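The values are calculated or read from the model by the stated rules, or taken from the named source; none is laboratory data. Predicted model, so just to flag it, every value in this text is computed and none were measured. Backbone-built Cβ (ideal geometry, glycine too); neighbour counts: all protein chains shown.
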Amino acid sequence: MTILLNSKEVISNGSQQHFLKIVDFLIHELLGDNFELRSNITNNDNFRISISGLPSVGKKIYQINYDISLFRILYDILYIVLSNERFFQGIGKSSGAFSISTIEVPSWAILDAAMANNKPIFFDKERKELHDFIYTLCLHFIIRHEIRHIANGHIDYLVNIKKNGFVEGFTNGLNSIDSQTIEMDVDSCVAVGFLNGFLTVPEQLTHIPIKLQNTESIFESFLFTLKILFYCLPSKMVSRVQEAEILSHPNSTLRYFYSFTAGLSYLQEFKPELSELFGRTYQKTWSFFEIIEDQKILNTNKVWDDYNWSMSDEGQDHANRIWDNWNQWIPLLKPYAILKLAPPAGAGL
Ligand SMILES: [Zn+2]
């Protein structure tokens, strides 16, 4: 085992080119050449992603700015989590699991420093490939999510009602429930696009480590990616409706739940033979939090509070409020949407 990972890799030219290639691939897959998208990587250490429309004649042009700090912290968090061989057992080797006090930090630099205090952790080639793969899946999710804000008409709608563009993590002049509703729309579409991509676009499979090239592992990797993004990155966990009602995005468990439900509905309709396996994998992979708890890198009390609240009557009322609100939003967004919006509530998201 000889490979020492370093989040600096993320800011290398090669890595940024790789990122832009994924953006191009996904735009092509989703949209052909319906609009032009310019991607810009910033370095302001604020995790921020923003989207704006640029003045143009003819084909529409949008710009997305991604702050690279988000990718660095993602890279580090995955390094720490995957150093624990209980995740993806049998896929490569790690020289040990990181022992650090928490992954809930406000900047990648703090994580880098904590990791430097740990004894060096080496991955073998296969474990490094696994890290690369899950990291790429996270990028896929993030990029698809942002492209969907454009393709589903959110940006043009906001511009048309004179709001100042769109910044991820803010309500952008909308009230919180409206903001959570459009985030639910994109997450749902992304979950479907993500599964559909892996199940029907053969090129996507060629980048998967060989031992994960089977449907169950793809489902596991998908759900693992969602848990990393929704619970392990600086996240939105709540335990009361008053906390949920002020967020720009649904709280962690509801985002996870909406994405899972959208994926399940897609499978039930287009690949019904796989829906049972997907449901089983969903149940099985909650062990993620037991493993994380043993490694003591995340306060799982907060995770379970968020989960229990989301499953309570109050949490389900909140979830339904967002779903019901979606019915009001569909006609507002339709004139601007290039791709199909999430199905209306009640149509089995
Ligand atoms: Zn968003």
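Per-structure values
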item	result
Restricting segment 179-232 to residues that are modelled with pLDDT of 90 or more and surrounded by fewer than 18 Cβ atoms within 10 Å (Cβ to Cβ), the residue that is nearest to the ligand (Cβ to nearest atom)	ASN196
Looking only at segment 124-174, and only at residues there that are more than 15 Å from LEU74 (Cβ to Cβ) and polar (S, T, N, Q), the one that is modelled with the lowest pLDDT	ASN164
Unique match (being within 16 Å of the ligand (Cβ to nearest atom), among the polar types (S, T, N, Q) and buried (at least 18 other Cβ atoms within 10 Å of the Cβ)) among SER50, SER69	SER50
Residues of segment 253-268 satisfying the condition of being without any contact (Cβ under 8 Å) to a residue 40 or more places away in the chain and either acidic (Asp, Glu) or farther than 19 Å from LYS236 by Cβ (or both)	LEU264
Condition met for ASN40 (surrounded by 12 or more Cβ atoms within 10 Å (Cβ to Cβ) and outside any loop (DSSP other than H, G, I, E, B))	no
Search result, residues across segment 270-287 that are among the polar types (S, T, N, Q), over 19 Å from GLY197 (Cβ atoms), surrounded by 15 or more Cβ atoms within 10 Å (Cβ to Cβ) and without any contact (Cβ under 8 Å) to a residue 60 or more places away in the chain	none
Whichever residue in segment 93-145 is without any contact (Cβ under 8 Å) to a residue 12 or more places away in the chain and farther than 20 Å from ARG48 by Cβ and, among such residues, is surrounded by the fewest Cβ atoms within 10 Å (Cβ to Cβ)	ALA116
Some residue of segment 82-104 being within 16 Å of the ligand (Cβ to nearest atom), out of contact with any Ser or Thr (no Cβ under 7 Å at 6 or more places or on another chain) and of a type in the set (A, V, I, L, M)	no
Residue in segment 246-269 that is surrounded by the most Cβ atoms within 10 Å (Cβ to Cβ), counting only those that are polar (S, T, N, Q) and assigned to a helix (DSSP H, G or I)	SER259
Any hit, segment 29-51, residues being at pLDDT below 95, touching a strand residue (DSSP E or B) at 6+ places or on another chain (Cβ under 9 Å) and of a type in the set (Gly, Ala, Ser)	yes
Among residues of segment 128-171, those that are within 16 Å of the ligand (Cβ to nearest atom) and closer than 29 Å to VAL10 by Cα, counted	22
Segment 77-113, residues that are among the β-branched types (Val, Ile, Thr) and assigned to a loop (DSSP other than H, G, I, E, B)	ILE91, ILE100, THR102, ILE103, VAL105
Top-ranked residue in segment 71-115 [being among the aromatic types (Phe, Trp, Tyr) and in contact with a strand residue (DSSP E or B) (Cβ under 9 Å, 6 or more places away or on another chain); ranked as modelled with the highest pLDDT]	TYR79
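For every residue, the table says whether it meets (1) of a type in the set (Phe, Trp, Tyr); (2) part of a helix (DSSP H, G or I).
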{"position": "SER275", "(1), (2)": "no, yes"}
{"position": "GLN283", "(1), (2)": "no, yes"}
{"position": "GLU290", "(1), (2)": "no, yes"}
{"position": "ASP294", "(1), (2)": "no, yes"}
{"position": "GLY315", "(1), (2)": "no, yes"}
{"position": "HIS318", "(1), (2)": "no, yes"}
{"position": "TRP329", "(1), (2)": "yes, yes"}
{"position": "ALA342", "(1), (2)": "no, no"}
